[in-house]
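Student: Quick one: the structure is below, questions incoming.
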Amino acid sequence: YNLRIKKDKKFNRLDVFLGKELFTSFHYQDERVKPYLWPLNADGEVGVSRDWPIGERNKTKDHPHHESFYTAYGDINDTDFWAFSSNKGFQKTMAGDRITGAAYSTIYSELIWHKEDGTPVVDEQRTYTFYNTPSEYRIFDLKTTLIAAHGDAKFDDTKEGGMATVRMNDDLREVGGSGTITNSEGGVGAGETWGKPAAWCDYSGSLDGVGNLGITIMDHPTSFRYPTHWHVRDYG
């Protein structure tokens, strides 16, 4: 197959290849606060997400919880599953599987979101589906289901959360880079898109010697409270 997923047992990692190129890797190491996808590569293995704090720093060194592409929420039962605060929560991968096919391949994982003392808060079922497309047009789906399996789960009112969250390559930021944020409603720039409902949001720019590239996240019409309100920042 042109699209395949390879397991690295030593590093608790699943590598997704499109042809000979690394598309992304799903990291679920126990020492990490949460699992994530990194790197997130465009055609030619050019990273569109920020490398730091996992890889080498390019320009910025802020928000260490911005780990490439991840899922998180700021306040569930007074536990912070977004930032690395004093009451931070953890996402532990309990089980997983992968299926490689000709048209698409999937990574499935079961997680427990728990407090620092190990008290479970919610369970999660997460699936990434990667499609066997031409290398310059890379697509994957994220499907996540949160389950109140350990009693009531209160998702408090906070701006800090995202089922599909990405920190952009430093050179693709609006401030300090070439990037521009746009959405399905015609909004341009962080000022016109932050907190606004939209079917999709795009963050794109250009890199020297590479050309135009970026990421579009599309909210599925069956998602909770579609169309979602977007948490987008000009710093990436």
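The values are calculated or read from the model by the stated rules, or taken from the named source; none is laboratory data. Keep in mind that what you see is a predicted model, and the values were worked out from it rather than measured. In this analysis, Cβ positions are derived from the backbone assuming ideal geometry, glycine residues included, and neighbour counts consider all displayed protein chains. Note: areas computed on protein heavy atoms with side chains; ligands, DNA, RNA excluded. Shrake-Rupley method; radii C 1.70, N 1.55, O 1.52, S 1.80 Å.
Student: Tally the residues that are surrounded by fewer than 14 Cβ atoms within 10 Å (Cβ to Cβ), among the aliphatic types (A, V, I, L, M) and out of contact with any Asp or Glu (no Cβ under 6 Å at 6 or more places or on another chain), restricting the search to the range 108-147.
Tutor: Qualifying residue count for the region: 1.
Student: For the range 59-107, give me each residue that is aromatic (Phe, Trp, Tyr) and either open to solvent by 60 Å² or more (accessible area, probe 1.4 Å) or touching an Asp or Glu at 6+ places or on another chain (Cβ under 9 Å) (or both).
Tutor: Within the range 59-107, Tyr73, Phe81, Trp82, Phe84, Phe90, Tyr104 qualify.
Student: Return the residues of the range 14-40 that are open to solvent by less than 40 Å² (accessible area, probe 1.4 Å), touching a residue at least 40 places away in the same chain (Cβ under 8 Å), outside any loop (DSSP other than H, G, I, E, B) and not hydroxyl-bearing (Ser, Thr, Tyr); say none if nothing qualifies.
Tutor: Leu14, Val16, Leu18, Phe23, Phe26, Leu37, Leu40, listed by residue number.
Student: Might you let me know whether the range 58-73 holds any residue that is under 30 Å from Gly177 (Cα atoms), out of contact with any Lys or Arg (no Cβ under 8 Å at 6 or more places or on another chain), in contact (Cβ under 8 Å) with a residue 60 or more places away in the chain and in a loop (DSSP other than H, G, I, E, B)?
Tutor: Checked against the condition, which is being under 30 Å from Gly177 (Cα atoms), out of contact with any Lys or Arg (no Cβ under 8 Å at 6 or more places or on another chain), in contact (Cβ under 8 Å) with a residue 60 or more places away in the chain and in a loop (DSSP other than H, G, I, E, B), the range 58-73 yields at least one hit.
Student: If you don't mind, another one. Filter the range 190-209 down to the residues that are more than 17 Å from the chain's Cα centre (by Cα) and within 25 Å of Arg57 (Cα to Cα), then identify the one that is most open to solvent (accessible area, probe 1.4 Å).
Tutor: By that ranking, first place goes to Asp208.
Student: Same structure again: Which of the residues spanning the range 210-226 are modelled with pLDDT of 95 or more, surrounded by fewer than 17 Cβ atoms within 10 Å (Cβ to Cβ) and more than 18 Å from Met168 (Cα to Cα)?
Tutor: Residues satisfying the conditions are His220, Pro221, Thr222, Ser223, Tyr226.
Student: Do we find a residue being polar (S, T, N, Q), in a strand (DSSP E or B), within 23 Å of Ser86 (Cα to Cα) and under 15 Å from the mean Cα position of the chain (by Cα) anywhere in the range 126-143?
Tutor: No, the range 126-143 contains no residue that is polar (S, T, N, Q), in a strand (DSSP E or B), within 23 Å of Ser86 (Cα to Cα) and under 15 Å from the mean Cα position of the chain (by Cα).
Student: OK, next. Looking at Asn87, Asn12, can you tell me which residue is at pLDDT 95 or above, over 16 Å from the mean Cα position of the chain (by Cα) and over 22 Å from Thr216 (Cα atoms)?
Tutor: Asn87
Student: With the checklist (1) assigned to a strand (DSSP E or B); (2) surrounded by fewer than 17 Cβ atoms within 10 Å (Cβ to Cβ) in hand, flag the one item Lys10 doesn't pass.
Tutor: Result: Lys10 passes all but (1).
Student: Is it fair to say Val166 is of a type in the set (A, V, I, L, M, F, W, C), open to solvent by 40 Å² or more (accessible area, probe 1.4 Å), modelled with pLDDT of 95 or more and touching a strand residue (DSSP E or B) at 6+ places or on another chain (Cβ under 6 Å)?
Tutor: Here the answer is no, as Val166 does not meet what is asked.
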